[in-house]
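> Okay, here's the structure, questions in a sec.
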Amino acid sequence: MSLLVVGLSHRSAPVSVLERAALAPEARGKLLQDAVSAEPVTESAVLSTCNRIELYADVDKFHAGVAELSTLLARHSGVGLEELTPYLYVHYEDRAVHHLFSVACGLDSMVVGEGQILGQIKDALAVAQELHTAGRLLNDLFQQALRVGKRAHSETGIDKAGQSLVTFGLEQLAHGRDVASWAQGKRALVIGAGSMSSLAATTLVRNGIGELAVANRTVARAERLVQILTEPGGPGAASGLRARAAAMSCVEHELAVADIVVSCTGATGVVLGADQVAAGLTGRAEPLALLDLAMPRDIDAAVHRIEGAHLVDIESLADASADAPMAADVDKVRGIVSAEVAAFGAAQRAAHITPTVVALRTMAADVVSSEIARLDGRLPDLDDKQRAEITQTVRRVVDKLLHAPTVRVKQLASEPGGAGYADALRELFDLDPQTVAAVSRADTRGGSHDARERA
């Protein structure tokens, strides 16, 4: 296994650097394509969220791979390599697997135990599959990470250790009060209609807000979100929620009547300026609560200094999460991750030797066929029944002779340090490297297709 991950997150870099390094959706695709075009890289996938940017790759050279991935991250993020390098972390082989599995379980999240990261990992895999940059290794890795994350949430109480970033942010706005009692009957404005904004709107509705406006550049997406929230069976149907969609040009008007504002768009610049917020506070008796979940930020940081405005953003959430209590179940999840990393490594090492075993059995079958043909030439008077019996006997002998060593070599290869058994098998039986490579290529194509079908 030659898995390498180079990245930065809220644990390694200040929010100001993460904000500048954030990748736009189109930049992620270009990054993946440039990565697989690089000499040391054969597969790539990028996990980009509001508080992490990680590039995963299958590489044939460690140092060259680290240098190439670091350069690519700097180039596509727009942050200079010299400035970015001190904040980058590198994980290789089993450590890289351990890192992604921990991320999938929410152990590395700003809010420990949050489950939204699973959807983001699934999206990262889908993009890599769509662009054909994920082969067998990354397909297997990301699929298994999703399974490990789901196992952690179903077998432990990790969900109790933290909530989604939305819930955590609302708790900070509520100053320790119960979110439902704090939000009851309030008017909310959600800016954006993507996955995080949809989660925010749904969470607000379930906590009892009385009125909701959803503003988005594409009004049709905002209308769709409003429809989902208010249609029969939707979270706002029973409470009689008043909800409407709005264009971005109407944000200032909606801001003037809102009690709570949540913003999470994909914009590269500020969506809500300090002057707009100050204008929205005119004539207001109650303070305005604002939650900025975007990276880079949607709401001007200068809003922190405006009297009557209470802004919670990614930076303040990072500070607050450092003091969040850790659940006892975190230790159980760490145990699950360690066991799953060992199992994944064993499976990958066993898979590495499979093409060699297949090539050996193919060679043995060819020898049997050749010898049976030679026997036909020497004993042409054999009838079909006799020929079939001899053929079956020879094949049975060969199968029995190969069974124990091939089973044993797979077991040995699955253990740490077992990578050399494939080479030994090729040397002992003088197997053609091209034949083994052909089996590997066919297996890789089949693995990628299967993974896409399972996704």
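The values are calculated or read from the model by the stated rules, or taken from the named source; none is laboratory data. Because the structure is a prediction, the values reported are computed rather than measured. Quick reminder, even Gly has a Cβ in these numbers, built from the backbone with ideal geometry, and neighbours come from all protein chains shown. Areas reflect the complete protein model, heavy atoms only, side chains present, ligands, DNA and RNA absent. Shrake-Rupley method; radii C 1.70, N 1.55, O 1.52, S 1.80 Å.
> Add +1 for every Lys or Arg and -1 for every Asp or Glu among the other residues with Cβ under 11 Å from the Cβ of Met248, and state the total.
-1
> Using the beta-carbon distance between Lys30 and Phe62 and R0 = 22 Å, what value does 1/(1 + (r/R0)^6) give for FRET efficiency, to the nearest 0.05?
Values: r = 25 Å, r/R0 = 1.11.
My answer for the efficiency is 0.35.
> Considering only protein heavy atoms, what per residue accessible area in square angstrom results for the chain with a 1.4 angstrom probe?
Values: 21380 Å² over 455 residues.
Accessible area per residue, the chain: 47 Å².
> Right, here's the next one. Quick one, could you list the DSSP H helices from the chain stretching 18 Å or more along their long axis (Cα atoms) with average Kyte-Doolittle hydropathy of 0.0 or above? Can you show the working numbers first?
Working: long enough: 25-37 (19 Å, -0.48); 62-77 (22 Å, 0.42); 116-130 (21 Å, 0.29); 136-155 (28 Å, -0.68); 329-378 (72 Å, 0.36); 384-413 (42 Å, -0.51); 433-454 (31 Å, -1.14).
In the chain, the long hydrophobic H runs are 62-77, 116-130, 329-378.
> Tell me which residues come under 5 Å, amide H to amide H, from Leu288 once H is placed; ignore anything under 5 positions away on its chain.
When sequence neighbours closer than 5 places are left aside, the close amide H contacts are Ala309, His310.
> Count the net charge of all other residues whose Cβ sits under 10 Å from the Cβ of Ala289, scoring Lys and Arg as +1 and Asp and Glu as -1.
On the way: positive: Lys186; negative: Asp259, Glu286.
Once positives and negatives cancel, what remains is -1.
> Please report the net charge: other residues with Cβ closer than 13 Å to the Cβ of Ser239, K and R +1, D and E -1. Mind dumping the intermediate values first?
On the way: positive: Lys186, Arg206, Arg242; negative: Glu211.
Result for the local shell: +2.
> Next question, about the same structure. List the lysines whose alpha-carbon lies under 16 Å from that of Lys332, not counting same-chain residues fewer than 8 positions away?
Filter leaves Lys150, Lys160.
> Which lysines have a Cα less than 18 Å from the Cα of Lys400, not counting those fewer than 8 places away in the same chain?
Reachable lysines: Lys410.
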